[in-house]
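Asker: Would you mind keeping the following structure in view while I ask a few things?
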Amino acid sequence: MNYELIKDFIDMLHEFEIEIQACPDLYPETIKGFKEWISSKENVLKEDSIEEPYWEGKENGRTPESVISTLLVHLNRYAKTYSKSAIADSEFSTQEDFIYLINLKAFGEMSKMALVKKNIQDKPVGMLIIARLLRQGLIEQTDSNEDKRSKLIRISERGLIVLEKQMEKIRQATNIVAGNLSHKEKMDLIRILNKLDRFHYPIFSRNINSEQLITTVYDEYKFKMS
């Protein structure tokens, strides 16, 4: 039996446990999560052999983090532009309106706060969207069987009809957002964006005060930002 191999495996498993204890939402504490963690480590080791792309301002010291942040902002604006076109001449006021309906159609009824959190929005903004959709009759609310004080939201029959009427244009908009990426590039991008989402969502869910947010996150996740 190769005891040295077993020792290396145990050491690696110990390192994995330490990392997920520090950031429990980065990887699930399962075999699948362990495999994803190993794959991520291997990709980091390969980074030195990957040719860096050029980006504007690189020669003046502009960092990769700055470029990533800027490009994500740009892509969000592009996506909103296409979404605005997709809902022109419809009953939707914003892209959030149809995204709320799509989530309700896909995941079924849920509480108001669950719906707001699924759309990564602050409570006041999310509640305004829900109120607007209720007024339009695109969603409906019922009492929860588990908690009579709580209301459950679901998409209405009218909401299904209105959503389906716009779905072709919405699908076209999402196809345009993906641009000229190949299938492999799309899969790579999904993996990268999922990793970023797993990092940011638990932080967002804590509702840390804006004045303390950057200091708190930077201190707690310093090893991730070095």
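Asker: At 7 Å along the Cα-to-beta-carbon direction for both Ala79 and Trp55, put a label point, then send me their distance in nm to one decimal.
Answerer: About 1.8 nm, to one decimal.
Asker: Quick one: which residues, 5+ away or cross-chain, put their amide H under 5 Å from the amide H of Ser111? H built at 1.01 Å from N.
Answerer: Ile153
Asker: Sticking with this structure for a sec: Could you please state, rounded to a whole Å, how far the C-alpha centre of the stretch 145-222 is from the C-alpha centre of the stretch 103-144?
Answerer: 14 Å
Asker: Angle check, please: helix 64-86 long axis (alpha carbons) against the longest principal axis of the chain (alpha carbons), in degrees 0 to 90, nearest 10.
Answerer: 20 degrees
Asker: Taking the stretch 89-226 on its own, what percent of its Cα-Cα pair distances exceed 17 Å?
Answerer: Values: 6534 of 9453 pairs.
Counting every Cα pair in the stretch 89-226, those more than 17 Å apart make up 69 percent.
Asker: Longer than 28 Å from Cα to Cα, which of Lys80/Lys186; Lys32/Lys112; Lys112/Lys165 are they? Say none if no pair is.
Answerer: Numbers: Lys80/Lys186 19 Å; Lys32/Lys112 32 Å; Lys112/Lys165 25 Å.
Check vs 28 Å cut-off fails for Lys32/Lys112.
Asker: Something else: Which value in deg cm²/dmol, rounded to the nearest 500, describes the helix-derived mean residue ellipticity at 222 nm for the chain, given -39,500 (n - 2.57) per DSSP H run of n ≥ 4 and division by the residue count?
Answerer: Working: 10 runs with 151 residues, N = 226.
Helices in the chain give a 222 nm mean residue ellipticity of -22000 deg cm²/dmol.
Asker: Take the residue pairs Lys118/Lys151; Lys117/Lys184; Lys35/Lys118; Lys58/Lys184 and return only those whose Cα atoms are more than 23 Å apart. Working shown, then result.
Answerer: Details: Lys118/Lys151 16 Å; Lys117/Lys184 30 Å; Lys35/Lys118 27 Å; Lys58/Lys184 27 Å.
With Cα atoms farther than 23 Å apart: Lys117/Lys184; Lys35/Lys118; Lys58/Lys184.
The numbers here are math on the coordinates, done by the rules we state, and not lab data. None of the values given here were measured: they were computed from a predicted structure. FYI the Cβ positions are ideal-geometry reconstructions off the backbone, even for glycines, and counts take in every protein chain you see.
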